[in-house]
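Working notes, beginning with the structure itself.
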Amino acid sequence: MKKSGLLIAVFLLVSHLFFAQKISEGKIVTTYITAKTLQNSAGENPKRRVTVYLPPDYEKSSKRYPVIYFLHGFFWSDSLLVSNDKINHIFDRAIYSKKIKPVIVVMPDESSVFKGSFYANSKSSGNWSDFTSVELVGFIDKNYRTIPDKNSRGISGHSMGGNGALRNAILHPDVFSSVYALSPGILDARFFALSEMELYKNADQIKNIQDVSKPENARLNIVFAIARAYNGNKNKAPFFADLPFSFEGENVRINSVILDEMNRNSTSELPFSQYENLKKLKAIKLDWGRNDELKHIPPSCLNFSKTLEMLGIKHEAEEYIGTHGSEVSKENGRIENQMLPFFNTHLKFEE
């Protein structure tokens, strides 16, 4: 055999042996917590499912691990992150290829009657931020071998979850040291409302919760979800929320008090009201697809980054060519090649 042929044969053999190696799989654990912070009178279930990813070596060692809290998007859940997005296999590949050292990932189910909580404390439907950043973190630290320190905790999420990640990191810099938001949705709730005025016009016709469950009204869930998150009203059944707009025919009527409250409670406003908290975070990154189908996301993300820049807050922001989800959960996508290496750099692992 010629020398070149021998080299090719050796290369093919080594390649075969490399790719034949089985990637070690982490373990998915499903648990439940009946949250004191989510007690409410608006019909939300305080018993929440939590999916926990334990790295491949967890049950073979006694060491402790940092934790990434990963928040799902609107119309999504923790179980769909696993069954549909195969996110656990993303973690497996990233650990195997040393893009991140072994880490625990916690994925709570924070869907709601209207398909999303926005991970915010509500006046009517429960304190979802307190659940995410206080009660859930305490539960995880008690039941798993975590490194119970903010420098070993990061928070991330996609879409509504990206919004929630930024919100909770800014509100709780004593809990999380770093945050990565993937295509964060509705950072500026007032801008979203103005860009989706037709939804609010249609919402005027909805008289009960059952109407929103009809397929033709599915998009209206987001109107009522935002209202519960930012304009909750425990005395206003059946939606337990106030809307900033109503209509008389084609003419819009604006409730300025409610609209101002919506704006004040938006994540886009937190850099101003929580500036000292924001400065305590060790690392911040957000990214978004240039061709996102949700047209409010690129300008809202860019404006959020500009706000941080003007306030002198060090952070990373990246626009890439892609849609809302096209580059996020695929093999070698944003989670695997950007988010997880980000946390590998910024989280503190056990020596």
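For the range 108-166 and the range 229-299, compute the distance between their C-alpha centroids and round to whole Å.
Here the answer is 18 Å between Cα centres.
For residue 72, what accessible surface area do you get with a 1.4 Å probe? Give it in Å², rounded to 10.
Accessible area of residue 72: about 0 Å².
Rounded to the nearest 500, what is the 222 nm mean residue ellipticity of the chain from helices alone, with -39500 (n - 2.57) per DSSP H run of 4+ residues and division by all residues?
Helices in the chain give a 222 nm mean residue ellipticity of -9500 deg cm²/dmol.
As a test of reading the structure, rank 345, 267 by solvent-accessible area (1.4 Å probe, protein chains only), most first.
Highest to lowest solvent-accessible surface, that is 345, 267.
Where Rh denotes the Kirkwood radius from the mean inverse Cα pair distance, what is Rg over Rh for the range 105-219?
That ratio is 1.04, to two decimals.
Quick one: which of 98/330; 98/314; 101/348; 98/348; 47/348 span more than 21 angstrom between C-alpha atoms?
Long pairs (Cα-Cα over 21 Å): 98/314; 47/348.
Given a cut-off of under 8 Å on Cα pairs at least six residues apart, what relative contact order in percent is computed for the range 165-280?
31
How big, on average over all directions, is the shadow cast by the Cα convex hull of the range 144-275, in nm²?
Answer in nm², one decimal: 10.2.
What nm value, rounded to one decimal, do you get for the distance between residue 60 and residue 202 when each label is placed 7 Å out toward the C-beta?
5.2
Using heavy-atom solvent-accessible surface (probe 1.4 Å) with all chains present, what is the largest-first order of 214, 60?
In descending accessible area the options line up as 60, 214.
So for the range 100-249, averaging the separation of alpha carbon pairs under 8 Å that are six or more residues apart and normalising by length, what relative contact order in percent results?
This gives 26 percent for the range 100-249.
If you stretched the chain out fully between residue 326 and residue 345, how much longer would it get, using 0.36 nm times the residue separation minus the C-alpha to C-alpha distance?
4.3 nm
How do the peptides 34-40, 201-207 rank, highest first, by the average count of neighbouring beta carbon atoms within 10 Å per residue?
The packing order, highest mean first, is 34-40, 201-207.
Given C-alpha coordinates of the range 274-326, what is the ratio Rg to Rh with the Kirkwood estimate of Rh?
Using Cα coordinates only, the ratio equals 1.03.
Within the range 166-197, find all residues whose amide N lies under 19 Å from a label point positioned 7 Å from the Cα of residue 254 along Cα-to-beta-carbon.
Those under the cut-off are 188-197.
Pop a pseudo-label 7 angstrom from the Cα along the beta-carbon direction at both residue 246 and residue 319 and give the gap in nm to one decimal.
Taking the two extended label points, one gets 3.9 nm.
Need the list of aspartates and glutamates near residue 142 for cross-linking: C-alpha distance under 20 angstrom, and skip anything on the same chain fewer than eight residues off.
Partners within reach: 57, 59, 109, 130, 174, 350.
Probe of 1.4 angstrom, ligands and nucleic acids ignored: what's the accessible area per residue over the chain, in square angstrom?
For the chain, the solvent-accessible area averages 46 Å² per residue.
Simple spin-label model, 7 Å along Cα-to-Cβ: residue 98 to residue 282 in nm?
2.1
With contacts defined as alpha carbon pairs under 8 Å and 6 or more residues apart, what's the relative contact order of the range 36-145 in percent?
In percent, rounded to a whole number, it is 39.
How much FRET efficiency would the formula 1/(1 + (r/R0)^6) give for residue 151 and residue 310, where r is the Cβ-Cβ distance and R0 is 25 Å, rounded to 0.05?
Efficiency, from the Cβ-Cβ distance: 0.35.
Any idea what the dipole of the range 277-335 comes to, in debye rounded to 20, about its Cα centre with Lys/Arg Cβ at +1 and Asp/Glu Cβ at -1?
Computed charge dipole of the range 277-335: roughly 380 debye.
Give me the percent of accessible area attributable to carbon and sulfur for the chain, probe 1.4 angstrom.
53
The values are calculated or read from the model by the stated rules, or taken from the named source; none is laboratory data. Note that this is a predicted model, so its numbers are computed, not measured. Heads up, the Cβs are rebuilt from the backbone with ideal geometry, glycines too, and the neighbour counts pull from every protein chain shown. Calculation scope for accessible area: heavy atoms of the full protein, side chains included, ligands and nucleic acids excluded. Shrake-Rupley method; radii C 1.70, N 1.55, O 1.52, S 1.80 Å.
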